[in-house]
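Peer 1: Could you have a look at this structure, given as structure tokens, before my questions?
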Amino acid sequence: MFIRRLVSVLISCCMLSGCSAVPVAEEMEIRKIPVAKGLASHPVNGGRCLISDGKYQYIAFYDGDHQMTVGKRKLGETEWEFAKLPERVGWDTHNRVILFQDRKGHLHITGNMHCAGLRYYRTRAGANIHTFEAIHKWSGDYENRVTYPSVLKLGDGSIYILYRHGGSGNGMRILVHYDEESQQWTKAVPALTNGRDRNPTCNAYPFGVVAEDSAGKIPKSGILEDKKGAWHIAWCWRETPDVITNFDICYAKSLDRGRTWKGWDGRDSELPITPENAYVVEDIEQKSGLINGGTLVVDNKGRPHIGYTRFDENGHNQIYIATPVGAKWKIIQLTDWKHRFYFHGRGTIPQYPPVPRLSVTTGQKILVTYGNIYAKPKKGQLILTREQLLSMRPGQYPIQKAQATHSAIPHIRAVNQGLLPRGSIHYMQQETDPPNRDRKPENPREPTMIYVVEVMNKE
């Protein structure tokens with residue numbers, strides 16, 4: 001409840017500079033703590049790059065000179081210590097830094113890769129950021145063209161990484177597991193997804209996943225573990241590097257930590273999963289306005305909900321949710337818009353259609369939020385019970401102005417993962433220019449300050 005009460009005050013408080021504490025009402029406090037100036041010509045800083053272990057907080061980013069940097073501070077204090085790694089990013093927005101910590105306390109970093117050789121560092125001495133060592137190896141197989149590493153940290157602390165080997169339109173998804181005792185990575189399966197059986201083209205783009213009751217969290221693409229330990233993944237396929245060749249919504253579930261997978265109907269999925277043998281939720285043709293980047297959530301009964309955007313039969317952008325009813329899936333159109341935003345091309349596109357972000361509220365309602373300059377409102381939300389969702393007509397429920405917590409703080413790039421003081425949430429904030437299709441801008445923006453914004457409940 002404390003997070004919801006913050007919405008109306010976050011914007012004004014987060015415009016303050018320095019790190020002085022600002023009381024808000026009687027039960028909450030916000031601090032904005034400077035970190036360092038970072039690369040701002042494109043939004044390459046952010047994602048899974050802000051973590052804490054209950055005593056210290058760690059942040060990874062590219063500094064104003066494009067160099068990979070790690071910061072560390074004691075929680076409650078404002079002074080940072082920094083370590084520089086021998087990595088310099090160019091203009092590619094795909095090359096974000098991924099930072100995580102294992103159960104032995106060692107820090108891991110991977111990033112600065114887009115169809116490039118694996119770059120991976122681990123600390124030799126626990127959480128000492130000055131002891132990062134270049135390892136550049138996981139299992140040693142399929143690591144010369146790596147993109148999109150996504151960390152799956154299970155409830156018991158076990159660590160997996162899902163990543164793409166190959167390129168857009170021609171790649172496979174590899175799942176590896178880390179063993180803290182041996183400090184070795186092994187492949188969980190030879191490959192989770194691959195291109196077509198006969199012609200090795202296309203690749204899977206997993207959708208963003210958001211755990212239940214995760215208000216304020218930013219989705220990350222990959223695998224979702226539900227409360228019973230089952231794994232869920234949803235994705236679309238892409239035929240070529242051009243985003244207009246996205247097609248089909250697919251789903252798979254694993255009950256044994258990724259070793260075997262099934263469709264929702266219980267049918268075993270042959271590995272690697274391909275367009276020919278995948279469990280298809282909705283058959284969508286290419287050039288249909290489908291963009292990779294939807295969201296997968298699972299409610300407390302283990303039922304998945306997949307949110308995505310595509311054109312309707314009239315060619316207008318609409319938001320959809322797919323969810324199973326019994327053994328079959330129901331496709332629900334939420335919106336009834338009359339506009340059409342067409343997108344195409346390769347690289348990180350500067351503008352997106354209204355991609356929905358889903359989450360499950362504490363009351364087991366489905367919260368849908370989006371942001372799009374052509375929609376009304378430009379930042380909107382719907383909160384629906386499952387019964388309302390299953391019976392609704394397109395546009396039946398008015399869209400409200402979005403009240404999602406993270407959307408109330410400008411320029412949020414990451415939400416803290418890990419242990420924090422009770423009743424608090426931390427954000428990484430940085431103002432940057434938008435993507436430029438992974439090319440150098442004509443007039444690159446000067447570096448801007450990175451902040452950690454602390455929101456603390458004082459009750």
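Peer 1: Could you list, in sequence order, all residues of segment 276-306 that are among the small types (Gly, Ala, Ser), on the phi < 0 side of the Ramachandran plot and touching a Lys or Arg at 6+ places or on another chain (Cβ under 7 Å)?
Peer 2: Answer for segment 276-306, where residues must be among the small types (Gly, Ala, Ser), on the phi < 0 side of the Ramachandran plot and touching a Lys or Arg at 6+ places or on another chain (Cβ under 7 Å): just 288.
Peer 1: Could you grab me the full set of residues in segment 228-256 that are more than 21 Å from residue 175 (Cα to Cα) and either without any contact (Cβ under 8 Å) to a residue 12 or more places away in the chain or of a type outside the set (Ser, Thr, Tyr) (or both)?
Peer 2: So in segment 228-256, the residues more than 21 Å from residue 175 (Cα to Cα) come out as 239-248.
Correct list: 239, 241, 242, 243, 244, 246, 247, 248.
Peer 1: For segment 105-132, name all the residues that are assigned to a loop (DSSP other than H, G, I, E, B) and of a type in the set (D, E, K, R). Write out each step before concluding.
Peer 2: Of segment 105-132, the ones assigned to a loop (DSSP other than H, G, I, E, B) are 105-106, 112-115, 117-119, 124-128.
Across segment 105-132, the qualifying residues are 119, 124.
Peer 1: Only one of (1) touching a Gly at 6+ places or on another chain (Cβ under 8 Å); (2) closer than 28 Å to residue 289 by Cα; (3) not small (Gly, Ala, Ser) fails for residue 265. Which number is that?
Peer 2: Result: residue 265 fails condition (1) only.
Peer 1: Quick check on this structure: which one of 321, 331 is modelled with pLDDT of 95 or more, buried (at least 19 other Cβ atoms within 10 Å of the Cβ), among the β-branched types (Val, Ile, Thr) and out of contact with any Lys or Arg (no Cβ under 6 Å at 6 or more places or on another chain)? Explain how you work it out, then say what you get.
Peer 2: On the way: 331 fails: buried (at least 19 other Cβ atoms within 10 Å of the Cβ).
None of the others qualify; the one that does is 321.
Peer 1: Related question: Which pairs do you get when a residue that is under 15 Å from residue 147 (Cα atoms) and free of Cβ contacts under 8 Å to residues at least 60 places away in the same chain, found in segment 169-196, comes within reach of a residue that is among the charged types (D, E, K, R) and outside any strand (DSSP E or B), reach meaning Cβ atoms under 9 angstrom, with the pair 6+ apart or on two chains?
Peer 2: So the pair list comes out as 171/145; 174/141; 174/143.
The rows are residues; the columns are (1) among the polar types (S, T, N, Q); (2) out of contact with any Phe, Trp or Tyr (no Cβ under 9 Å at 6 or more places or on another chain); (3) crowded, with 22+ Cβ neighbours inside 10 Å.
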| position | (1), (2), (3) |
| --- | --- |
| 225 | no, no, no |
| 239 | no, no, no |
| 249 | no, no, yes |
| 268 | no, no, no |
| 272 | no, yes, no |
| 280 | no, no, no |
| 290 | no, no, yes |
| 295 | yes, no, yes |
| 306 | no, no, yes |
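Peer 1: Right, something else. Which residues, counting only those in segment 44-68, are over 21 Å from the mean Cα position of the chain (by Cα) and under 15 Å from residue 34 (Cα atoms)?
Peer 2: Matches in segment 44-68: 63, 64.
Peer 1: Tell me, please, whether a residue that is at pLDDT below 95, under 22 Å from the mean Cα position of the chain (by Cα), closer than 17 Å to residue 412 by Cα and among the small types (Gly, Ala, Ser) can be found in segment 25-42.
Peer 2: no
Peer 1: For segment 350-399, what are the residues that are free of Cβ contacts under 8 Å to residues at least 40 places away in the same chain, part of a helix (DSSP H, G or I) and not acidic (Asp, Glu)?
Peer 2: 388, 391 - these are the residues of segment 350-399 that are free of Cβ contacts under 8 Å to residues at least 40 places away in the same chain, part of a helix (DSSP H, G or I) and not acidic (Asp, Glu).
Peer 1: Say whether the condition of being of a type outside the set (Val, Ile, Thr), surrounded by 14 or more Cβ atoms within 10 Å (Cβ to Cβ), touching a strand residue (DSSP E or B) at 6+ places or on another chain (Cβ under 8 Å) and not in a loop (DSSP other than H, G, I, E, B) is met by at least one residue in segment 429-444.
Peer 2: yes
Peer 1: Only one of 293, 307 is within 24 Å of residue 225 (Cβ to Cβ) and at pLDDT below 95; which?
Peer 2: Details: 307 fails: at pLDDT below 95.
Of the residues listed, the single one that is within 24 Å of residue 225 (Cβ to Cβ) and at pLDDT below 95 is 293.
Peer 1: Criterion first (out of contact with any Phe, Trp or Tyr (no Cβ under 9 Å at 6 or more places or on another chain), free of Cβ contacts under 8 Å to residues at least 12 places away in the same chain and either aliphatic (A, V, I, L, M) or within 21 Å of residue 221 (Cβ to Cβ) (or both)) does residue 125 satisfy it? Give the steps one after another, and end with the answer.
Peer 2: Values: out of contact with any Phe, Trp or Tyr (no Cβ under 9 Å at 6 or more places or on another chain): yes; free of Cβ contacts under 8 Å to residues at least 12 places away in the same chain: yes; either aliphatic (A, V, I, L, M) or within 21 Å of residue 221 (Cβ to Cβ) (or both): yes.
So residue 125 fits the description; yes.
Peer 1: Across segment 251-266, which residue is farthest from the chain's Cα centre (by Cα) among those that are buried (at least 18 other Cβ atoms within 10 Å of the Cβ) and in a strand (DSSP E or B)? Explain how you work it out, then say what you get.
Peer 2: We begin by selecting, within segment 251-266, every residue buried (at least 18 other Cβ atoms within 10 Å of the Cβ); these are 251-254, 257-258, 261, 263-264.
Applying the additional criterion that residues be in a strand (DSSP E or B) yields 251-254, 261.
Values: 251: 17, 252: 18, 253: 19, 254: 20, 261: 22 Å.
Step by step, filter segment 251-266, then rank; the result is 261.
The values are calculated or read from the model by the stated rules, or taken from the named source; none is laboratory data. Since this is a predicted model, take the numbers as computed values, not measurements. Using ideal geometry, Cβ is built from the backbone for each residue, glycine included, and neighbour counts are taken over all protein chains shown.
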